[in-house]
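A short write-up of the structure that comes next.
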Amino acid sequence: MHPLWRETLMATPAQIDANGNVHFPARAAHSETGPQLFDLSHLGLIAVQGADASDFLQGQLTNDVRELSPTHVQWSSHCSQKGRMLANFLLLRIHDTFHLQLPRERVPDLLQRLRLFVLRSRVTLTDASDELARFGLAGDGASALLSARGLPVPPLVNELALIDGLALIRLPGSERFELIGPPEALRAHWEALSEVATPTDAAGWTLLDIRAGIPTIQTATADTFVPQMANMQLIDGVSFHKGCYTGQEVVARMQYLGKLKRRMYRAQVESATPPQPGDALFATASTSQQGSGTVVSATPIGPGQHELLAVVEIQAVESGEVRLGESGPRLDFQPLPYAFAVED
């Protein structure tokens, strides 16, 4: 974490543990239903620069980099040769630099992996996690608060606005935004917004991702899911017309020749033990030899209560109960903000 950003957070005040995790004390003066402020230091950034940066990424990512613009971001992923996601991320471009935003724990592995494909391309890939600060603002009134700060509020989801070296992104969810920029430029905005919005732990941001149906690949789930299993095509994270990229043959075959047997669902569960990415799910109706499903991401929503995204065998969901663990609590499935495609 950049020293200036650490200093900014500590003044909020925040507690930062030995692993760099940021925690905020409860502030009863703010309404639980009002706008919330999220430090996003748990996310990392990979910066991609160079004359061949666009062509390089086009050959490695599942989405069409040519559709990226100064006003539009996109979701994307990088797959193994088997077509399974090693990482997924938000992809944006600030001037001549591409940025891949993903869990900080996945940055070293993805950097190492992408560098294998550079060869003679005029491309540099660096860990920019501590060069730029990032924070989120979400909830009723978030748009008005940003406008009051003189920031241009993007009207549509996945739109980007650039101002004074800052990037302001509108993300899926109700009035949900992210600001990215140098710590010295973001500091004044954070300090002002923290007076009118409640600083909240990263678990709250995870919950917003879950409710928006956005998967997050962690180390425990890397090389596990074909993009369609995690609904990446439903959040415009896969292009089926862009041409070749690593793992493309498997992804395309699933789309045009195969039948999707697993997809990602949102659910709630009561459990004394918090579910973790990679945890196995079980269903009596399952006929798969590979298990019924896998937790993608999860976060607490109350004492002993958790909300999660999980890739589950479709037949198991439609035919019977799905449980966390072989004899664990039953999942209570919840609606997602997008519809599944109708299959013949």
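The values are calculated or read from the model by the stated rules, or taken from the named source; none is laboratory data. These numbers come from a predicted model, not from an experiment. With ideal geometry, Cβ positions are generated from the backbone for all residues, glycine too; neighbour counts draw on all protein chains shown.
Which residue out of SER297, SER239, SER286 is under 28 Å from VAL157 (Cβ atoms) and not in a strand (DSSP E or B)?
Being under 28 Å from VAL157 (Cβ atoms) and not in a strand (DSSP E or B) holds for just one of SER297, SER239, SER286, which is SER239.
Picking from VAL196, VAL226, which residue would you name as being in contact with a helix residue (DSSP H, G or I) (Cβ under 7 Å, 6 or more places away or on another chain) and crowded, with 19+ Cβ neighbours inside 10 Å?
None of the other options fit; the residue is VAL226.
LEU193: in contact (Cβ under 8 Å) with a residue 40 or more places away in the chain and in the same structural domain as SER76 (by TED's automatic domain parsing), yes or no?
Considered against the rule, which asks whether it is in contact (Cβ under 8 Å) with a residue 40 or more places away in the chain and in the same structural domain as SER76 (by TED's automatic domain parsing), LEU193 comes out as yes.
Just the residues that are part of a loop (DSSP other than H, G, I, E, B), within 12 Å of ILE217 (Cβ to Cβ) and of a type outside the set (S, T, N, Q), please, taken from the stretch 69-88.
If the condition is that a residue be part of a loop (DSSP other than H, G, I, E, B), within 12 Å of ILE217 (Cβ to Cβ) and of a type outside the set (S, T, N, Q), then ARG84 is the only one that fits.
How many residues, within the stretch 50-74, are farther than 23 Å from ILE214 by Cβ, in contact with a strand residue (DSSP E or B) (Cβ under 6 Å, 6 or more places away or on another chain) and either at pLDDT below 95 or crowded, with 19+ Cβ neighbours inside 10 Å (or both)?
Final tally of qualifying residues: 1.
Name the residue that is farthest from ASP209 (Cα to Cα), counting only residues in the stretch 94-129 that are basic (Lys, Arg) and surrounded by fewer than 22 Cβ atoms within 10 Å (Cβ to Cβ).
Per the criteria, the residue is ARG120.
I need the full set of residues from the stretch 242-256 which are among the aliphatic types (A, V, I, L, M) and either closer than 22 Å to GLU159 by Cβ or surrounded by fewer than 21 Cβ atoms within 10 Å (Cβ to Cβ) (or both), in order please.
Selection gives VAL250, ALA252, MET254.
Is at least one residue of the stretch 136-143 under 23 Å from VAL296 (Cα atoms), acidic (Asp, Glu) and either assigned to a helix (DSSP H, G or I) or assigned by TED's automatic domain parsing to the domain that holds HIS2 (or both)?
no
Scanning the stretch 165-174 for residues that are modelled with pLDDT of 95 or more and not aliphatic (A, V, I, L, M), which turns out nearest to LEU207 (Cα to Cα)?
Of everything passing the filter in the stretch 165-174, PRO172 is nearest to LEU207 (Cα to Cα).
Which residues, counting only those in the stretch 108-144, are β-branched (Val, Ile, Thr) and closer than 27 Å to HIS189 by Cα?
THR126
Going residue by residue through the stretch 255-275, is there one that turns out to be among the acidic types (Asp, Glu), within 30 Å of LEU145 (Cα to Cα) and either assigned to a loop (DSSP other than H, G, I, E, B) or modelled with pLDDT of 95 or more (or both)?
No: zero hits.
What pairs come out if I take residues in the stretch 226-254 that are at pLDDT below 95 and pair them with residues that are among the aromatic types (Phe, Trp, Tyr) whose C-beta lies under 7 Å away, six or more apart or interchain?
ALA252/PHE240
Condition test on LEU146, is it assigned to a helix (DSSP H, G or I) and farther than 22 Å from GLY20 by Cα?
Yes, satisfied.
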